[in-house]
Amino acid sequence: MRESPQCGETSAQAIGTGLILGIESSCDETAAAVVRVGSEALSNVVASQMSLHANYGGVVPELASREHLRNIVPVVREAMSRASAAAGHPITFADLDAVAVTAGPGLAGALLVGITYAKALTFGLDKPLISVNHLEGHIHAVLMETRQLNELPMELPLLALVVSGGHTHLYLATHEQGGETNWTYRNVGRTVDDAAGEAYDKVAKLLGLGYPGGPWIDALAPHGNPRAVPFTFGEIKHRAPREGVTNKKAPTNTEGPHFDFSFSGIKTAVLRYVETHNMRDSIEARRAVLAADPTLTPKSEAVIKLCDQQTLDLIASFQYAVVGNLQRQTFAAAEALGARSIVVSGGVAANSELRRRLQAEADRRNLPIAFPSLALSTDNAAMIAAAAWPKLLARDFASEDLGATPQLRLGRQ
Ligand code: KG4
Ligand code: ZN
């Protein structure tokens, strides 16, 4: 629902303090943050459920919803109190210009907790509610930080690689000249099966490492030979859908060239390698040691010793291939679509090899590239409040019947 400014009233006049409370509960993190004018995070509180789901090797939706219910009130309270401390004076709900919440994509029950809470809050306060797409939030995490660092705005159109446990998407993004309102997005690539982070998580689990798998593989890969196992990625064929068969992830009705991904093949290739090289016993031994000692982290020295050279080589080769694939598709899209800058975001953007290789290629091509800080790579609410800022300026508010949209898409396909 878009509400136009009153006659003679500019968008800038329509805002007061510029403070937005962001709320995020789409997956396994309950998060709240207060952000001023889309660029200054006064607080950013994240209650992670990682240890809860680690026992199951993945997110259990029912447990996630229950945990969000438990966490939402204390997390919002903490975000408000930290914002007050950062501002040096009390900030109350009355000082907010709006509340922004993730409406999708994500787990239905998990999203509903944040949406219901945000709706109740805005109803009680008589403040506007802003609905944010989680993927748009990931992109704005980086834009907010470049603004914070007083760096020049990213040149448009920008290509955004959003790469996480649930998503691997490429978007071409731009906005109206003369103000940062009315961002538009075109989806120019996506995974047709597993997300890149999902592949990291599944391969780590297969090799007896911890959850989530990304940080374990990231920490161990430098100790192996990335060329030991030559994994390859085949071309992704676009087949017309068969009658009666739907594939929600497969692109449909797309316009222009597409740069898609597929990560389920490499996961199967790792499984086959493990089976043909009799690695099962050493994997189970490692799994048992890690289960018995929860103090071991991906960076613990002892963890390297739990892996023989063959395992380290396999890990390094897996990461080398996945990063290479993300790199190739991203730069092919940037070139074909005339992108003038690149933004990388989402949990996998924390990966050190991905950062290093994408930065090096961007430098070679003279293309500006930006990554979020580690805290803003994974799910958080500061990114939701930041993405809501242009919507507040445009008075693009959600209606009272806002609901959860688990398969919410961003922009044109
Ligand atoms: O964005 P995020 O917190 O949640 C989703 O929206 O999915 O991303 C979580 C994903 C997990 O799959 C995790 O394994 C991956 O990000 N991840 C990493 C690293 N840190 C987190 N993947 C590779 N390298 C990392 N350092
Ligand atoms: Zn995410």
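Every number in this text was worked out from the coordinates using simple rules, so none of it is lab data. Because the structure is a prediction, the values reported are computed rather than measured. Cβ atoms come from the backbone with ideal geometry, glycine included; neighbour counts cover every protein chain shown.
Cα axis of helix 134-148 to longest principal axis of the chain: angle in degrees, 0 to 90, nearest 10?
Roughly 80 degrees, rounded to the nearest 10.
From the phi of every residue in region 220-226, what ³J(HN,Hα) in whole Hz does the Karplus formula 6.51 cos²θ - 1.76 cosθ + 1.60 yield, where θ is phi - 60° and glycine or proline is x?
Going residue by residue, I get 8, 3, x, 8, x, 8, x Hz, with x marking Gly and Pro.
Taking every DSSP beta bridge that has both residues in the chain, what percent is antiparallel when rounded to the nearest 5?
Numbers: 27 of 45 bridges.
Of those bridges, close to 60 percent are antiparallel.
Can you tally the net charge around residue 43? Count Lys and Arg as +1, Asp and Glu as -1, for every other residue whose Cβ sits under 14 Å from the Cβ of residue 43. Please list the in-between numbers first.
Working: positive: 36, 77, 82; negative: 24, 40, 78, 95.
Around residue 43, the surrounding residues sum to -1.
How far, in nm, would the chain grow between residue 152 and residue 365 when pulled straight, counting 0.36 nm per residue and subtracting the alpha carbon separation?
Working: separation 213, 0.36 × 213 = 76.68 nm, distance 1.85 nm.
Result for the pair: 74.8 nm of gain on full extension.
What FRET efficiency, computed as 1/(1 + (r/R0)^6) with R0 = 35 Å and r the Cβ-Cβ distance, is obtained for residue 405 and residue 78, rounded to the nearest 0.05? Don't skip to the end; give the middle numbers.
On the way: r = 28 Å, r/R0 = 0.79.
About 0.80, to the nearest 0.05.
Once both axes come from the Cα atoms, what is the angle between helix 108-125 and the longest principal axis of the chain, in degrees from 0 to 90, rounded to 10?
Once rounded, one gets 20 degrees.
With angles folded into 0 to 90 degrees, how steeply does helix 382-393 sit against the dominant principal axis of the chain? Use alpha carbons for both and round to 10.
40 degrees
In nm, what is the difference between 0.36 nm times the number of residues separating residue 335 and residue 275 and their Cα-Cα distance? Kindly include the intermediate steps, with their values, before the conclusion.
On the way: separation 60, 0.36 × 60 = 21.60 nm, distance 3.98 nm.
In short, 17.6 nm is gained.
Amide H to amide H, which residues 5 or more places from residue 100 or on other chains are under 5 Å from it, using H placed in the peptide plane?
Residues meeting the criterion, in which the H sits 1.01 Å from N, are 21, 22, 23, 130.
May I ask you to sort 56, 117, 211 by Cβ crowding, counting other Cβ atoms within 10 Å and putting the fewest first? Mind dumping the intermediate values first?
Values: 56 10, 117 22, 211 19.
Ranked by crowding around the Cβ, least crowded first: 56, 211, 117.
Which value, in debye to the nearest 20, gives the size of the charge dipole of region 155-205 about its Cα centre, when Lys and Arg are +1 and Asp and Glu are -1 at the Cβ? The partial results should precede the final answer.
Details: 4 positive and 7 negative charges, 34 e Å.
Here region 155-205 has a charge dipole of around 160 debye.
Using unit Cβ charges (K, R positive; D, E negative) and no other charged atoms, how large, in debye to the nearest 20, is the dipole of the chain about its Cα centre? Show your work: numbers first, answer last.
Working: 37 positive and 42 negative charges, 145 e Å.
It comes to approximately 700 debye.
What does DSSP give for region 37-173 in terms of the percent of beta bridges that are antiparallel, rounded to the nearest 5? The partial results should precede the final answer.
Values: 6 of 11 bridges.
The answer is about 55 percent antiparallel.
Counting only trypsin sites (Lys or Arg not before Pro) that sit in a DSSP loop (anything but H, G, I, E, B) with at most 12 other Cβ atoms within 10 Å, what is the longest stretch of the chain containing none of them?
Values: sites that count: 227, 237, 239, 242, 248, 299.
No qualifying site falls inside 1-226, the longest such stretch.
From the convex hull of the Cα coordinates of the chain, what is the mean projected area in square nanometres? Before the final figure, lay out each step's value.
Details: hull surface 86.7 nm².
Over all viewing directions, the chain projects a mean Cα-hull area of 21.7 nm².
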